[in-house]
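Taking it in order: structure first as structure tokens, then the write-up.
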Amino acid sequence: MPASGVPVLDVVLRCLVVLGAFLTLPLLVGQMEHKAMAHMQSRVGPMAAGGFHGWAQLVADGIKFVQKESIVPAAADRKVFELAPAVALIPYLVALFAIPLGPFFGQANLIGQDLDLGLFFVLAAMSVGVLGTLMGGLGSGNKYSYIGGMRVAAQLTSYELPMVLAAASVAMAAGTLSLVGIAQAWEPWWLLAQLPGLVVFFLAGLAELQRPPFDAPLADAELVMGPLTEYGGMRFAMFLLAEYAGIVVLAGLTTVLFLGGWAGPWSDQLGWVWSLLKIVAVSFVVIWARVAYPRLREDQVNAFAWKVLVPLSLAQITLTTLLVVW
């Protein structure tokens, strides 16, 4: 047994569960994005690969990325350039360890590790993941990538504050930073009292992940692909996987903080099912936003953060403070 007193087999099983979720859920979100956009925008391509409903589109994409050559530009900082995809991807795997899915048929909670500072841990890991994209932009030796990297830095600075304040509002109401504790302390009235915090947290999360309409760092019409312009093959695939893993982490955190986690009928037995359904629903909203809304200009992105989300998050945390004291 480890020094903590936890059986080795239990630790191994928890690691395998988290790793399995990390290898499957982002891919399922990617497949869902293909299909949702195909229906919403009448795209024929994603509906054709493999026959029925384009079931093999994800497989085709994987084969394509494996076959492509990964080239390092001569002007790039080679170490930074090659390390950036891993820095973008691995933090989301780490973050999944602290996000609970709920009871599994009356057994222990499905979670890698219940941390006393779980909320702080996941938010910190998400911030590190964004730095991978910044490294890709600054290390590529390309002026478009450099501009994209600077936009990533600006968004990280602008949207980190309202995101943390919105999450802190929920932690204050629950009286704990443990994600398991927050999910267990959740009450239905939070849907109303914490609704502004939910809006702030979700929109700030989209901006942190550079998802539309906050994808100014990529901006293919202006910057080719921004920080990812010089990436190809498996390195580019790692950035895509990091994006979908980030959506899963954002959806999981939104579920725990604002949607009651595994709360639902027969939650003692099927809590993990309710968590997964809520994560899929939030992920669909992320995809829907990409289809429904045009990209904001860079000045609009930062103005929206400082003029709208920051004041709204401060008002939310003030309201929560009054409710907790009352």
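The values are calculated or read from the model by the stated rules, or taken from the named source; none is laboratory data. Just so you know, these numbers come straight off a predicted model, no measurement behind them. Glycine also receives a Cβ, built like all others from the backbone with ideal geometry; neighbour counts cover every protein chain displayed.
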Self-check item: Inter-residue pairs, beta-carbon under 6 Å, first within 17 Å of ARG235 (Cβ to Cβ) and in the stretch 51-76, second outside any helix (DSSP H, G or I) and modelled with pLDDT of 80 or more, 6+ apart
Solution: LYS68/GLY232; SER70/GLY232; PRO73/GLY141; PRO73/GLU230; ALA75/GLY141; ALA76/SER140; ALA76/GLY141
Quiz item: For the stretch 276-289, what are the residues that are closer than 15 Å to LEU25 by Cα and out of contact with any Ser or Thr (no Cβ under 6 Å at 6 or more places or on another chain)?
Solution: LEU276, LEU277, VAL280, ALA281, SER283, PHE284, VAL286, ILE287
Quiz item: Within the stretch 13-27, can one find any residue that is closer than 29 Å to ALA251 by Cα and not in a helix (DSSP H, G or I)?
Solution: no
Quiz item: Can you tell me how many residues in the stretch 167-220 are touching a Ser or Thr at 6+ places or on another chain (Cβ under 8 Å) and of a type in the set (S, T, N, Q)?
Solution: 3
Quiz item: Out of all the residues in the stretch 10-18, is one or more under 19 Å from ILE287 (Cβ atoms) and either buried (at least 16 other Cβ atoms within 10 Å of the Cβ) or under 26 Å from the mean Cα position of the chain (by Cα) (or both)?
Solution: no
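Give, as residue ranges, the helices (runs of 4 or more DSSP H) completely inside the stretch 249-326 that count at least 3 residues that are closer than 17 Å to ALA185 by Cα. Explain how you work it out, then say what you get.
Details: elements: 267-292, 298-304, 310-325.
Ranges flagged: 267-292, 310-325.
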Quiz item: From VAL94, VAL80, VAL87, which residue is hydrophobic (A, V, I, L, M, F, W, C), in a helix (DSSP H, G or I) and closer than 21 Å to ASP10 by Cβ?
Solution: VAL94
Quiz item: Would you say ALA168 is closer than 19 Å to ALA263 by Cβ and among the aliphatic types (A, V, I, L, M)?
Solution: no
Quiz item: Restricting the search to the stretch 165-196, which residues are within 18 Å of GLY264 (Cβ to Cβ) and either in contact with an Asp or Glu (Cβ under 7 Å, 6 or more places away or on another chain) or surrounded by fewer than 19 Cβ atoms within 10 Å (Cβ to Cβ) (or both)?
Solution: VAL180, GLN184, ALA185, GLU187, PRO188, TRP189, LEU191
Quiz item: So, of the residues in the stretch 34-77 that are in a helix (DSSP H, G or I) and of a type in the set (D, E, K, R), which turns out to be farthest from LEU240 (Cα to Cα)?
Solution: LYS35
Quiz item: Can you tell which of ALA245, ALA289 is under 20 Å from VAL152 (Cα atoms), surrounded by 24 or more Cβ atoms within 10 Å (Cβ to Cβ) and either touching an Asp or Glu at 6+ places or on another chain (Cβ under 8 Å) or touching a residue at least 12 places away in the same chain (Cβ under 8 Å) (or both)?
Solution: ALA245
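Conditions (1) part of a loop (DSSP other than H, G, I, E, B); (2) without any contact (Cβ under 8 Å) to a residue 40 or more places away in the chain; (3) not small (Gly, Ala, Ser), marked per residue:
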site	(1), (2), (3)
ASP114	yes, no, yes
VAL122	no, no, yes
VAL130	no, no, yes
LEU134	no, no, yes
THR157	no, yes, yes
VAL164	no, no, yes
PRO188	yes, no, yes
Quiz item: Of the residues LEU203, LEU192, LEU198, which single one is free of Cβ contacts under 8 Å to residues at least 12 places away in the same chain and either over 30 Å from LEU259 (Cβ atoms) or assigned to a helix (DSSP H, G or I) (or both)?
Solution: LEU192
